[in-house]
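The values are calculated or read from the model by the stated rules, or taken from the named source; none is laboratory data. Nothing here was measured: the structure is a model prediction, and the numbers come from that model. Neighbour counts run over all protein chains shown; Cβ positions are idealised from the backbone, glycine included.
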Amino acid sequence: MPEMSEIDYGVLIDRLIQDFRPVKRLWRVRVRLLLWILLEVAILAVVTLLDGRPDLETIINSHHGFDAAGFFLVSIAAAWMALRNSIPGRETSATELTMLGLGIIAASLIVQFEPLTQTLLSSDDLLSALSRQFALAALPWVTLFWAVRRAMPLRPRLTGGIIGIAASSFALAADLFSGPAYAVTWELLSGAILTVLSFIAGAAWLDREELWRKDSGSNDRLLESAWLGAGVIFPIATALAAGLLLLVLRAGIGVSRPVPDFDLAIANYQQSLTNFRPNVPSSSVATVLTAYIEDGMPSYMWDFGPHGFRLVGGRFEHLPDGTPVTYTWFRGTKAGVMCMFRQTSGFQAPDAPHTERDHFLFYRYRGYSVCLINVGGYGDFVSVIVSPMPMKQFMRMVLATVSTEHS
């Protein structure tokens, strides 16, 4: 029957009454929706734990939590619609579908789109992004799909598509929660592919009327009862989905390979949020620079004051191997900027997706925006700037600050 046509429930009941059988009572929509939301929260906790993403304060200050909230709300709204669609007479209206579509557009516009470079356009990155998105969406999809299938959705294709929107929106929210592992374009493309596949699955496995038309004594019906029952397929599918999620997270798909310099700068950023004590004169950028020069560091300094960041101070230290290093900490109202400068025996850029602008290399790493600079004019030194700001805003700020460089 057409997906959006008016349904004569009296005729439908007369046609199917002979196939009615006792079933377990369905929980109310709001109860099933609450359980699904709790599943989402549990998966977010696992992703944060295994991915080693930033702490909650950093996530909030970075605006990634705000970006994720839009798709998280979309996933809840879509799940609510899917569960309602499984009950005859409570199907989603055209107005509700329009509002869902507008919600998806609004959530997409909130996200800070990052530039796509030739490096980011590689097939390996796309495949990894798809794998990660499917892994994050699999368990919510299986759970919601089976919750809907236990009832009687009369619009199987539409319901399957809405389930796909719910699962893929959650996967997007999970990746955006602490910063996307890949360009957002790949994230949205993965969600669209998953939605299409869910639409097809809905047509194949949610059309209860088509299944009930079969003779109750036929081999097909017996096969349906034996192998597609909740007691067999659902536990297997759930276990496979959970295993896929853990496998992808454990394998580090979508997570950058460790970069010691980036990890060091991020660790000092996180520590500086609650405890930063300058050990050099720090009344101004000039006094910090002078102190660094007196300690043998090159005359190279950044000033992010014009962009709303207050200089907190600087620290001169030595790494365990004796390498001199400096940390300059700028604090804003919602986030900060850590500038690390250290001597190195040789410069080698990390082999990871990045954007190059004016010989500055920009990376997404562990939910942070990172700028790596080889200060070749002063010997073997590297500067690492980290902030949880969205990449587009971060790049604009760093490139605009070039003119304030002291030399």
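General remarks:
- Residue match in the range 232-250 (condition: basic (Lys, Arg), at pLDDT below 60 and part of a helix (DSSP H, G or I)): no
- With respect to being aromatic (Phe, Trp, Tyr) and at pLDDT 75 or above, TYR378 falls outside the description.
- Cβ-Cβ under 7 Å pairs, at least 6 apart or on other chains, the range 350-366 side under 16 Å from LEU399 (Cα atoms), far side of a type in the set (Phe, Trp, Tyr) and at pLDDT 80 or above: HIS354/PHE362; HIS354/TYR363; THR355/PHE362
- When the range 298-311 is limited to residues that are crowded, with 19+ Cβ neighbours inside 10 Å and either free of Cβ contacts under 8 Å to residues at least 60 places away in the same chain or of a type in the set (S, T, N, Q) (or both), the one that is farthest from SER387 (Cα to Cα) turns out to be LEU311.
- Of the helices (runs of 4 or more DSSP H) lying entirely inside the range 55-172, the ones with 2 or more residues being surrounded by 15 or more Cβ atoms within 10 Å (Cβ to Cβ) and either at pLDDT 85 or above or touching a Lys or Arg at 6+ places or on another chain (Cβ under 6 Å) (or both) are found at 64-85, 94-110, 123-149.
- Among the numbered conditions (1) over 24 Å from MET391 (Cα atoms); (2) surrounded by fewer than 18 Cβ atoms within 10 Å (Cβ to Cβ); (3) in contact (Cβ under 8 Å) with a residue 24 or more places away in the chain, the only one that HIS318 does not meet is (3).
- Subset of the range 262-279 (residues that are of a type in the set (Gly, Ala, Ser) and touching a strand residue (DSSP E or B) at 6+ places or on another chain (Cβ under 6 Å)): ALA265, SER272
- Test result for PHE347, closer than 24 Å to PHE394 by Cα, surrounded by 18 or more Cβ atoms within 10 Å (Cβ to Cβ) and of a type in the set (Phe, Trp, Tyr): no
- Residues within the range 268-294 that are modelled with pLDDT under 90 and surrounded by 13 or more Cβ atoms within 10 Å (Cβ to Cβ), tallied: 3
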